[in-house]
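Computed from the coordinates by the stated procedures, all read-outs in this text should not be read as laboratory data. No experiment lies behind these values; they were computed from the predicted model shown. As a convention, Cβ positions derive from the backbone with ideal geometry for all residues, glycine included, and neighbour counts pool all protein chains shown.
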Amino acid sequence: MMVRRWTRTSKLFTGGTGVVALLLASVPLVFSPDIVQKTTTLLILVLLAAMWNALAGYGGLLSVGQQAFIGLGAYGTVFFAGFGMPPYIAMVVALVVAGSLSIPISLFALRLRAAQFAIGMWVIAEVASIGVRLDQDLGAGTGISLSQLYQYDPNYRQAYTFWLALAFTAVFLAALFFLLRSPLGASLQAIRDDEDAARSLGVRVTARKRLLFVLAGFGCAAAGVLIVANTLFIEPSSVFSVQWSAYMIFMVLVGGLGTFEGPILGAILLFAIQTTFTQGGPWYLVGLGATAALFALLLPRGLWGTIEERLGLRLLPVGYQVVEKK
Amino acid sequence: MSVANAILQGIFLGAFYAVLACGLSLMFGVMRIINLAHGDVAVLGAYLVLVIVQGTGLSPLLAFVIALPAMIALGYVLQLTVLQRALKAGILTPLLATFGLSIVIQNLLLLKFSPDVHSLGASAGALTTESWNLFGSISISALGLVVLAVAAVVFTVLHLFLSRTRPGWRMRATAEDPDAAELIGIDSRHVYARATAIAIRSVFDPVSGPTQLIFAFEAVVIGGMGSLWGTLLGGLALGVAQTLGAQLNPEYAALSGHLLFLAVLILRFGGVRLVRFGARA
C-alpha cells in the first residue's frame, strides 16, 4: 500500500487549469464586451460557490447571510469612490474593509451553532441592508450607480473589470487550494469529516473555522466589488438579497459539498441555466430550489462527489489517496 | 402616553410573532431542527384561507376552520417525505432541504398570485377597523385583542397538550432523546398555530415568508431555544422592541427587533429558559 496525492490525470488537469486561466485572460482581447460581461458573471459565481463551500463544506458552517459581505463590498466601492478615490483603487479598499469586518463578526457568529448560525448571519445581513437603506448618500432604498466608472471607454472598462474578476477568483481559489493542501488543510478536512473526532484529536476547531469564515468573508466581499463593477448599478434589495444564498447553496449542493472541484462545476451549471432561461422568473427559482432540496436529500455528495467516489478521480487534489503499490 | 401606546401595540404585534414562533419552537424543542420553510408554509396557509374566502364568500374564521385540516395534512406529508429523511443525514441536511423548499413554496405562490399585497381585511368586516380609545392616546384595536386571545389559547392548549396528554408525554420523551426523535412524526399543531396567526393578521404577500421566518426565529431565540413560555415572552419582547423603534422612526421597526435579537445572542447565549420541552413542561 502507498499513499499518493498526485495522479497523472490530476497533474495534467492542474497544469491545464493554469493554461485555462491564461486563455481566459485573453478573452477581452478576442470577444465582444457582451461576452466579456457574461464571463465576468461566471467568474463571480465560481468565486461565490468556492467561498460558500469553504464555509459549509469544510467548516460545517451553513450561512444564509453571506450576502452581508457581498452587499458591503459593493456599497463600500461606491462609498470610497464617492470620496474621489480612483474607482479601481476604491474596489480594493472596499474589499479589504468589508472583508475585515468578518473578523469582529466571527467573534460573535462562531459561538452560534447550526441553525442559530444560519439565521444569525441572515439577521446580520438584514441589519447591514437596513443600514444602507437609511443612508441617503448611498441612494437609500432606490439604489445608486458607480458613476465614476463611466469615465472609462466601455470596452476598456469591461476588460479591466474582467481582469480584476479573473485575478480575484484565481487568488481566492488558489488560496483555498493551498490552504487545504497545507498541514492546516488536513485539520480542516478532519473537521469536515467529523467535528467531534477532530476536536478530540486536538484540532483547534474554532480557530480553524474562523480562518474559513474570514476567507469566505473576503471572498464574498470581492464578489460584491465585482458585481458593482460589472453591473454599474446596485440597490439594497438585490445586492443584500437572500437569493445570493440560494444561488450559492444550489451551486455547491449540485456540484458537490466539501469537494474542491464540485462548486466550480456547480457554478458552470448555474451559469448555463441562467443563460438558457434568460427571463429568470419564479419557475426558474422553483426549479433551483427543488433541485437543491433533492440533491440535499438524495445525492448529498453532489455530482462531483459522486463521480469522485465512483471513479476515484481527482483533478485538483487536496487530499491523499491510498492505493495498491505496483 | 405615546410610549405607553407603542408598548401596547408592541404587545399585540408580539402576540402574533409568538403564535408564529411556537411551531418553530416546538420543532426545535423536539427534533432539534429549524425548518427554514416555516415562514413560507405559514404564508401558504394564509393564501389557502384567502382562496376559500374569495371562492365561497365564507367569513375568514370559517375558511380558517376548513383550511386547518389541509395544513395539518401538509405538515404530516412534509414530515414524512422531507424532514424524516433529512434528519437522518446530519445537521446540515434539514437546513439545506428546507431552504430549498422555502424557495419553491415562495415562488409557486408568486406564480399563482401576483406579487401584490393581499388582505383579508375587507371580508373580516369590522374586526380589522374597530378600535377603542383610552385616555385619548391609547388605542386598542379589535384585531389586536383577537390576536392576543388567540395567542393565549394557542399557548395554553400547547402547554396542556404537552403536560397532560399521552402524545404530549411522548413528544417530551423524544425531546429528551434526540436519537428517538425521528421515530415520531411531529404533531402538526405548529401548522395550526401558523395558519391562525397569519390568517388573522390579514395582510400578506407571497415574498413575506422569509421575513416571517426571521421574526419567528428571533422570538424563539430571544425567549430561549426550546422553551415554550420563553417563546411567548420572546415574541412579546420582539413586538415591543419593533413598535418602540418605529416610534423613533418608522424605518427603525425591523432594525430595533434585529438589534434586540443580536444583543440577546451576545449577552446570554441560550436565553431564559422558563419551561423546557424536556424535563418538565
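For the residues A:GLY289, A:GLY16, A:GLY305, a GNM of chain A with alpha-carbon springs under 10 Å puts the largest fluctuation on A:GLY16.
What base-10 log of the normalised intensity I(q)/I(0) is obtained for segment A:115-266 from the Debye formula, alpha carbons as equal point scatterers, at q = 0.20 Å⁻¹? Once normalised to I(0) and log-transformed, intensities are -1.39. Annotation for segment A:113-129 versus segment A:211-253: alpha-carbon center distance of 15 Å. In a reduced charge model with +1 at each Lys and Arg Cβ and -1 at each Asp and Glu Cβ, chain A shows a dipole moment near 1180 debye about its Cα centre.
Nearest 0.05, what FRET efficiency do B:ARG85 and A:THR306 give at R0 = 25 Å with Cβ-Cβ as r?
Plugging the Cβ-Cβ distance into 1/(1 + (r/R0)^6) gives 0.90.
The mean number of Cβ atoms from other chains found within 10 Å of a Cβ in peptide A:283-294 is 6, as a whole number. The relative contact order of chain A comes to 33 percent, based on Cα pairs under 8 Å that sit 6 or more residues apart. Restricting the calculation to alpha carbons of segment A:58-105 gives Rg and Dmax of 12.4, 41 angstrom. Considering only chymotrypsin sites (Phe, Trp or Tyr not before Pro) in DSSP loops that have at most 16 other Cβ atoms within 10 Å, the longest stretch of chain A without any of them is A:153-276. Per-residue ellipticity at 222 nm, computed for chain A from helices alone with -39500 (n - 2.57) per DSSP H run of at least four residues, works out to -23000 deg cm²/dmol. Amide H contacts of A:PHE233 (H built 1.01 Å from N, in plane; Pro and chain starts excluded): A:LEU146 sit under 5 Å, all sequence-distant by 5 or more or on other chains. Between A:SER237 and A:ASP194, residue separation times 0.36 nm minus the direct Cα-Cα distance comes to 11.7 nm. With springs only between Cα atoms under 10 Å, which of A:LEU180, A:LEU303, A:LEU285 fluctuates most in a Gaussian network model of chain A? Top of the fluctuation ranking is A:LEU285. Ratio of chain A's C-alpha Rg to 2.2 N^0.38 Å, to two decimals? Rg over 2.2 N^0.38 Å, computed on Cα atoms: 0.99.
For the residues of B:214-222, the average number of beta carbons from a partner chain within 10 Å of their own beta carbon is 3. For the peptide A:120-132, the mean number of other protein chain Cβ atoms found within 10 angstrom of a residue's Cβ is 4. Computed over all pairs of different Cα atoms, the Kirkwood value for the hydrodynamic radius of segment A:194-296 is 15.8 Å. Relative contact order for segment A:38-162: 30 percent, from Cα pairs under 8 Å spaced at least 6 residues apart, divided by residue count. Each Cα pair under 8 Å and six or more residues apart adds its separation to the average, and for segment A:81-239 the resulting relative contact order is 43 percent. The distance from the alpha carbon centre of segment B:1-75 to that of segment A:146-182 is 46 Å, rounded to a whole number.
Using alpha carbons only, how many degrees (0 to 90, rounded to 10) separate the axis of helix A:67-81 from the longest principal axis of chain A? Helix A:67-81 sits at roughly 40 degrees to that axis.
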